[in-house]
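The values are calculated or read from the model by the stated rules, or taken from the named source; none is laboratory data. Small disclaimer: the values here were computed from a predicted structure and weren't measured. In this analysis, Cβ positions are derived from the backbone assuming ideal geometry, glycine residues included, and neighbour counts consider all displayed protein chains. Calculation scope for accessible area: heavy atoms of the full protein, side chains included, ligands and nucleic acids excluded. Shrake-Rupley method; radii C 1.70, N 1.55, O 1.52, S 1.80 Å.
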Amino acid sequence: MNEWHDFFVATAGAAAALTGLIFVGVSISLSTILATPTLPSRALLSIMLLLTILIYSILFLVPGQSPVLLGAESLTAGIPVWSTIVIMDLATIRKVDSVYRSLQIRNMLIDQLALVPYIVAGIFLILKIETGIYWIVPAFIFSFIKSVMDAWVLLVEIHR
């Protein structure tokens, strides 16, 4: 698993930087974000996605771990985040105007594409299928995509 070291170092740094960007976006437009029913949870969800990348990167950088232990860590971190975000997404879809419902469904789909691979990776690793670690890559990519989309909304779109 040493060949993954640089990948996890890079993604940890990128996740930390983007988390800071979301916090800046929220602080700049806090009153507008708080006045819109769906935006506070969207900001929190983005931060959760980025913190999940950061946590996974840290966990997978710990030396000497077996694939089974990495799989257990992946499930232990992934399942609570996945279930929390599903609950948040369902609550948001109830709040959103019908005109924006298709956009929220798209957001929910991207959230699932970002989170389900963590669980798949965990299962494969627990089964000692080391190539399961490759499922972390789409999880990170979709998490970054969704978080950047949300950062754009929090920094730019809410001012239109």
| query | Within region 61-96, which residues are under 14 Å from MET108 (Cα atoms) and hydroxyl-bearing (Ser, Thr, Tyr)? | reply | SER83, THR84, THR92
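Quick one: which of PRO63, PRO37 is open to solvent by 40 Å² or more (accessible area, probe 1.4 Å), part of a loop (DSSP other than H, G, I, E, B) and closer than 23 Å to MET149 by Cβ?
Numbers: PRO63 fails: closer than 23 Å to MET149 by Cβ.
After ruling out the rest, the residue left standing is PRO37.
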| note | Of (1) under 11 Å from the mean Cα position of the chain (by Cα); (2) open to solvent by 60 Å² or more (accessible area, probe 1.4 Å), LEU49 satisfies every one except (2)
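Hey, does region 96-106 have a residue that's closer than 27 Å to PHE8 by Cα and β-branched (Val, Ile, Thr)?
Taking region 96-106 and keeping what is closer than 27 Å to PHE8 by Cα, we get none.
The answer is no, given that none of the residues of region 96-106 is closer than 27 Å to PHE8 by Cα and β-branched (Val, Ile, Thr).
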| task | List the number of the failed condition for ILE58; all other conditions in (1) in contact (Cβ under 8 Å) with a residue 40 or more places away in the chain; (2) under 22 Å from ILE110 (Cα atoms); (3) of a type in the set (Val, Ile, Thr) hold. | result | (2)
| message | Give me the residue from region 142-152 that is surrounded by fewer than 20 Cβ atoms within 10 Å (Cβ to Cβ) and touching a helix residue (DSSP H, G or I) at 6+ places or on another chain (Cβ under 8 Å) and, out of that set, nearest to ALA15 (Cα to Cα). | response | PHE144
| said: Can you go through ILE87, ILE28 and tell me which one is in contact (Cβ under 8 Å) with a residue 24 or more places away in the chain, closer than 25 Å to VAL153 by Cα and open to solvent by 30 Å² or more (accessible area, probe 1.4 Å)? | reply: ILE28
| request: Give the residue that is farthest from the chain's Cα centre (by Cα), with candidates limited to residues of region 90-121 that are open to solvent by 40 Å² or more (accessible area, probe 1.4 Å) and polar (S, T, N, Q). | output: SER98
